Structure formats: C-alpha cells, structure tokens
Amino acid sequence: MSESADSADPVSSAEPVSLAVPAPASAPGTTGTVEGDGPLDRAVWRLRSRGCWDDAAALLEPHSVRHAPSALRRAALLVERCMFTATGWAGAEDALRTAEALAGDDDERGGAACERGHLAYAATVLGVRDRADEARSALGRAAALLAPTAAGRPLLDFRRGLMAEHVADSPDAARAAYRRAHAGATAHGDTLLLSFTWRHLAGLALRDGEVAEARHGFSESLRIREELGFLVGTAPALVALADAAPDGDADRLRAEAARLFRLMGGVPTWLADHLSTGVPAI
C-alpha cells in the first residue's frame, strides 16, 4: 500500500489522465472530489482516498517542477503518507523543500510552512523523533503568513489544535483551535476537513464525559468520510464512534473497522494499537 496502488486499488496510475494543471490543494470544493473536478484532480483523489499516496504524488510530479500550487499539493500528499504509515519521511522532506523553493507569495509560503509543521508533528507523535519545537516554529510562521480569511487558515487552525491536544496536553486550547477550524472549513466548503474537526471536537467531548455530544460528532465525521469515499480514513472514524456507542453497536463498529484496516493493508498504522487495546487514537 505504501508503495503501490496494486494491492488495494483497481485504479492504476497509468490510467489516461488530462495534463491540465491541477487545482490548488488549499481550496477544496464540495462537489465532485474534495480537490477539484478535473480529470487529474479526480485521479489524484481516487488514489489518495485509498491510501495510495505515492501513486497520487507521481501524477502531480510533472506539474510540481515549476508550478508552486502543484508542488505544495504533492508535498501535502507525502506528508499525509507519513502521518498514516510512519514511513516516507525523506520523500516528504524533498517535496517540501521543492514547495518552499517555488513559493511565490504569502499564501504559498504559509501553506508550505503549515505542511512542514505537520510533518514535524507527525514525527513527534508517532515517536520517530521529537520535533515539537520545529512543529511549533513552522506553524507559528504559517500563522504569520496566512491571512485570517485565507483558504489555508482552517487547516492551520486544526493542526495547531492537534499540537495543543497531543503535544502540549492543553484540551481547552485545542478545543478553541478546532472550533476556529470547524467554522473556517464550513465557510470555505472544506468538507474533508470538517470530518476531522467533527471527530476531534467529539473526542474532547468524550474526554469530558459528554457522550451524546461525542456520538453526534463522531457520527458526522463518519458520514462525511463515507459520502466522500475517503476509504483510508473510514476505519479511524468507525473506531472513534465505537468509543461512544453502546456495547452491542461498539462491537459491530470495531469489527467493521478491523475489516477495513486489513483491506487497507494495515493503514493507518497507528490504528493497530487502538484496535487491540482501545487506547485513544491520535
């Protein structure tokens, strides 16, 4: 899965694809795929949603040599691969350096800084290497570059929430950041990001004993991912909902999550511990 689409996805990267320049990743829409509705956008989304990040990045590579939004989008795919698989760090670093070199305005520079911060966060929470200071610095740089109304601001707010929750252990700061991200994702029509903000707000609600509120948020997250076809993110959504469900429903949800986890070749890797021990998912 980490290297090829063959084991889980009938869509091959050799499928004929238009060479139109792809839409920027920072402004996903709500129709078609979440990343645009051109042939290349749809192909990239199909591969990404099935956890075939290398193949999706390969489709963008010809455009990412000189086109800053394509380079940033490719880097984001490879950073996401690291978060889901705990592998591919060198490739993500190389892609980020390209995106940073090509960035020509504050939005592009801010987007690249946001991805660098997320890569450092992933390395930290997955136990690869403590890069928390680098993550804080990069996300702070992104905050200085991205205007409050920028399309990339909700994603930045969400990632600052992740840092607050999982690195600083500050649930109140995390909740505030997630709420800003949720409002921004709604305003910008970033449906996939909403699936993340619903889930993480629900996780904080469950932590506070608000089971009904948590169940609602987890249900919304799962619904969105199923509607978008974000298969690689569906098992984590099922497991999260199981944490707030009655025992009978929880067993069914975890069984379905385990089935999807096996189908995806054990991705995301961090879900394995949660499925076996019930520890909170990151």
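The values are calculated or read from the model by the stated rules, or taken from the named source; none is laboratory data. Since the structure is predicted, the reported quantities are computational estimates derived from the model, not experimental observations. Every residue, glycine among them, receives a Cβ derived from its backbone with ideal geometry; neighbour counts consider all protein chains shown. Only protein heavy atoms, including side chains, enter the accessible area calculation; ligands, DNA and RNA are left aside. Shrake-Rupley method; radii C 1.70, N 1.55, O 1.52, S 1.80 Å.
Restricting the search to segment 144-156, which residues are assigned to a helix (DSSP H, G or I) and farther than 20 Å from PRO69 by Cβ? Full working, then the answer.
First, pick out the residues of segment 144-156 that are assigned to a helix (DSSP H, G or I): 144-145, 153-156.
The one that is assigned to a helix (DSSP H, G or I) and farther than 20 Å from PRO69 by Cβ: ALA144.
Here are ARG136, ARG109, ARG141, ARG129: which of them is part of a loop (DSSP other than H, G, I, E, B), surrounded by fewer than 23 Cβ atoms within 10 Å (Cβ to Cβ) and at pLDDT 95 or above?
Of the residues listed, the single one that is part of a loop (DSSP other than H, G, I, E, B), surrounded by fewer than 23 Cβ atoms within 10 Å (Cβ to Cβ) and at pLDDT 95 or above is ARG129.
Name the residue, out of ALA173, ALA151, ALA164, that is under 29 Å from LEU206 (Cα atoms) and in contact with a Ser or Thr (Cβ under 8 Å, 6 or more places away or on another chain).
From the options ALA173, ALA151, ALA164, the qualifying one is ALA164.
Answer yes or no as to whether ALA95 is closer than 23 Å to ALA177 by Cβ and modelled with pLDDT of 95 or more.
For ALA95, the condition - closer than 23 Å to ALA177 by Cβ and modelled with pLDDT of 95 or more - is not met.
Would you check if THR124 is polar (S, T, N, Q), open to solvent by 10 Å² or more (accessible area, probe 1.4 Å), more than 21 Å from ARG160 (Cα to Cα) and modelled with pLDDT of 95 or more?
Details: polar (S, T, N, Q): yes; open to solvent by 10 Å² or more (accessible area, probe 1.4 Å): yes; more than 21 Å from ARG160 (Cα to Cα): no; modelled with pLDDT of 95 or more: yes.
So THR124 does not fit the description; no.
With LEU145, LEU156, LEU139 as the choices, which residue is touching a residue at least 24 places away in the same chain (Cβ under 8 Å) and within 19 Å of ARG199 (Cα to Cα)?
Numbers: LEU145 fails: within 19 Å of ARG199 (Cα to Cα); LEU139 fails: within 19 Å of ARG199 (Cα to Cα).
The unique qualifying residue is LEU156.
Give the residue, chosen from GLY51, GLY117, that is within 27 Å of THR234 (Cα to Cα) and outside any helix (DSSP H, G or I).
GLY51
Can you name the number of the only condition in (1) closer than 16 Å to LEU192 by Cα; (2) open to solvent by less than 40 Å² (accessible area, probe 1.4 Å); (3) modelled with pLDDT of 95 or more that ALA75 fails?
All conditions are met except number (1).
What number goes with the only condition from (1) closer than 22 Å to GLY51 by Cα; (2) touching a residue at least 24 places away in the same chain (Cβ under 8 Å); (3) surrounded by fewer than 17 Cβ atoms within 10 Å (Cβ to Cβ) that LEU193 does not pass?
(3)
Name the single residue that is farthest from ASP169 (Cα to Cα) among those in segment 87-130 being free of Cβ contacts under 8 Å to residues at least 12 places away in the same chain and of a type outside the set (Gly, Ala, Ser).
Applying the filter and picking the extreme gives ASP105.
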